[in-house]
1. I'd like the orientation of helix 17-27 relative to the chain: the angle between its Cα long axis and the longest Cα principal axis, in ° from 0 to 90, rounded to 10.
2. Under the 0.36 nm per residue contour assumption, what length would be gained going from the current alpha-carbon distance of Ser45 and Asp22 to full extension?
3. Which value, in Å to one decimal place, does the Kirkwood hydrodynamic radius take for the range 2-45 when every pair of different Cα atoms is included?
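Readers should treat all values here as calculations from the given coordinates under stated rules, not as data from a laboratory. Every value quoted in this text rests on a predicted model; they were computed, and no experiment measured them.
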Amino acid sequence: MSMCNRAETAPIDLIDGDKLIDKSRELQLGVIPVTDYFIDETWFSSL
């Protein structure tokens, strides 16, 4: 993490997007688990 700091603003932590997603998932903040289903075209073409 790196720090961004200007005299007129409070310091903020910059964080990598992948780490942010992982942390959001871990803490279950702002995310909803989703199960996706996809058509297996290979299976259907073998019929």
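1. Taking the Cα atoms of the chain, the angle to 17-27 is about 80 degrees.
2. Values: separation 23, 0.36 × 23 = 8.28 nm, distance 3.72 nm.
Full-extension gain reported as 4.6 nm.
3. Radius from the Kirkwood sum: 14.4 Å.
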